[in-house]
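The values are calculated or read from the model by the stated rules, or taken from the named source; none is laboratory data. Predicted model only: the values in this text are computed from it and were never measured. Backbone-built Cβ (ideal geometry, glycine too); neighbour counts: all protein chains shown. Just the protein is used for accessible areas: all its heavy atoms, side chains included, with ligands, DNA and RNA removed. Shrake-Rupley method; radii C 1.70, N 1.55, O 1.52, S 1.80 Å.
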Amino acid sequence: MTLESIFLPGMDEQRPLLIAGPCSAESEEQVMNTAKDLVRNDIKIFRAGIWKPRTKPGGFEGIGVPGLSWLQKVKKETGMYVATEVATRNHVIEAVEHGIDVLWIGARTSVNPFAVQEIADALAETGFSGPVLIKNPVNPDLELWIGAIERIYNAGIKKIGAIHRGFSSYDKKIYRNLPQWHIPIELKRRIPDLPIIVDPSHIGGKRELIAPLSQQAMDLNYDGLIIESHCSPDNALSDKDQQITPDVLSYIMNLLVIRDTKQTTENLTELRQQIDLLDDELLAILAKRMRVSQEIGQYKKEHNMPVLQTMRYDEILEKRIAQAKELGLGAAFMKSVLEAVHEESIRQQINVLNQ
């Protein structure tokens, strides 16, 4: 299945397919200014959130149905296709009635089979033919993601794509949502013809991470990108830190290297990407370990215990080095790693004691 067949007539058959626009439609002026800047940079699909329920009430939760007429105006005046997120039956009906070309199902909806089925039924009821894009669920559950895709497919939608936007985590980390690239890689293995688009805005959570994540997505041979772009990002009413101007988006796209997978250097590139992914996981695990160390420090403080527990440290060294040797790692290497980790753990505990 080609990108052109899964998406829209007149789309260039090229990688990456690019969908761009603001996190939220905030005003007609903001929508039109952003769209006109994007179309000047040859973007053909405009995205904007109309309904934006937030984690906590009280923030900007989207303009609602009036914003759909702004997307209609974008379509009429720029010739761009328009896309928005739907989370309920009524969202689907309103979006279809307003001629929205592309619908996507968000991560907080795809995690709920009841909600996805409601959307699937509404799609069948309206006769919408797609494309429909399904974001991965917030939690790293491949079967749940595939289940959402199958529900939409069973509703008669044949133009389906997936959006990889990363997975939520409670721990401090580099990314807003952990990429866990192995999950969409397995999705592609299970459904080879399914186009997968990467959302570097939500994975990174910071505008400076959009460029490297976009390049990583291309190096891993994903089909496209969906990027949040706003005419005035610092004034955005939602997710301002992860939005970029249309001109910056154009600059990033012009710097992207689209590699030929037949080149002999591609395997090395993929291996280096795997190293990068593993390093990210190591950092996340170390951050989690230090959080536990802080909790241990709090316990010791409350029970008037000394920070350094020599017998415990000796036990860890002996056990972990033995495990490392069984895994083919050098004893000296493992000892140096454990010593560094222990030193940082002690520092974290001392910080807690001194608070």
Report task. Quick one: Debye curve from the alpha-carbon atoms of region 27-87 only, equal weights, vacuum; give me log10 I(q)/I(0) at q = 0.20 Å⁻¹ to two decimals. Result -> -0.73
Requested in this report: Please identify which residues in region 120-141 have an amide N closer than 19 Å to a label point set 7 Å out from the Cα of F114, following the Cα→Cβ vector.
Outcome: 120-123, 137-139
Report summary line: Counting only protein heavy atoms and rolling a 1.4 Å probe, one gets per residue an accessible area for the chain in Å² of 50 Å²
Query raised in the report: Quick one: length gained pulling N33 to S69 fully straight, 0.36 nm per residue minus the C-alpha distance?
Result: 11.5 nm
Query raised in the report: Where in region 328-355 does the label zone of N304 land, with the point 7 angstrom along Cα→C-beta and an amide N cut-off under 20 Å?
Result: 350, 352-355
Query raised in the report: By how many degrees, between 0 and 90 and to the nearest 10, does the Cα long axis of helix 246-255 differ from the longest principal axis of the chain?
Result: 70 degrees
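Defining a contact as two alpha carbons under 8 Å apart and six or more residues distant in sequence, what relative contact order in percent does region 12-107 show? Each step should come with its number before you reach the end.
On the way: 143 pairs, mean separation 24.8, N = 96.
Dividing the mean separation by the residue count of region 12-107 yields 26 percent.
So for each of 321-327, 24-30, 79-85, 310-316 I average, over its residues, the number of other beta carbons within 10 Å; can you give me the resulting order with the highest mean first? Please list the in-between numbers first.
Numbers: 321-327: 12.1, 24-30: 18.9, 79-85: 21.7, 310-316: 10.6.
The packing order, highest mean first, is 79-85, 24-30, 321-327, 310-316.
Just the ratio, please: alpha-carbon radius of gyration of region 162-250 over 2.2 N^0.38 Å, N its number of residues. Spell out each step's value before the answer.
Details: Rg = 13.4 Å, N = 89, 2.2 N^0.38 = 12.1 Å.
For region 162-250, the normalised Cα radius of gyration comes out at 1.10.
Starting from the Cα coordinates of region 97-159, work out the convex hull volume and express it per residue in Å³.
Details: hull volume 4.4 nm³, N = 63.
Per residue, the Cα convex hull of region 97-159 comes to 70 Å³.
May I ask you to give the percent of accessible area on region 182-325 that is carbon plus sulfur, with a probe radius of 1.4 Å? Each step should come with its number before you reach the end.
Details: 4500 of 8210 Å².
Reported share for carbon and sulfur atoms: 55 percent.
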Query raised in the report: Using the Kirkwood formula over every pair of different C-alpha atoms, what hydrodynamic radius in Å results for region 238-355?
Result: 18.6 Å
Query raised in the report: Can you list the aspartates and glutamates whose alpha carbon sits under 14 Å from that of K206, skipping same-chain ones fewer than 8 residues off?
Result: E228, D234, D239, D241
Query raised in the report: Against the longest alpha carbon principal axis of the chain, how many degrees, from 0 to 90 and to the nearest 10, is the axis of helix 210-219 turned?
Result: 90 degrees
Report summary line: In the structure shown, of K76/K240; K44/K188; K36/K76; K36/K56, the pairs separated by more than 22 angstrom at the C-alpha atoms are K76/K240; K44/K188; K36/K56
Query - Extension gain from A340 to Q274, taking 0.36 nm per residue of separation minus the Cα-Cα distance - result: 21.3 nm
Report summary line: Tilt, helix 28-40 to longest principal axis of the chain (alpha-carbon atoms), in degrees rounded to tens, equals 90 degrees
Report summary line: Over all directions, the chain yields a Cα convex hull whose mean projected area in nm² is 21.4 nm²
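Run the helix sum for the chain: -39,500 (n - 2.57) per DSSP H stretch of 4+ residues, divided by residue count, reported at 222 nm to the nearest 500 deg cm²/dmol. All intermediate terms of the calculation are to be shown ahead of the outcome.
Details: 14 runs with 181 residues, N = 355.
Helix contribution divided over all residues of the chain: -16000 deg cm²/dmol.
Just the Kirkwood number for region 190-300, please: inverse of mean 1/r across all distinct Cα pairs, in Å, one decimal.
Numbers: mean 1/r = 0.0609 Å⁻¹.
Final number for the Kirkwood radius of region 190-300 is 16.4 Å.
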Requested in this report: Please work out, to two decimal places, the log10 of the ratio I(q)/I(0) at q = 0.19, 0.21 Å⁻¹ from a Debye calculation in which every Cα of region 33-161 carries one identical scatterer.
Outcome: -1.07, -1.22
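Only bridges whose two residues both fall in the chain count here: according to DSSP, what percent of them are antiparallel, nearest 5? List each step's numbers first, then the result.
Values: 1 of 28 bridges.
Once the DSSP bridges in the chain are tallied, antiparallel ones form about 5 percent.
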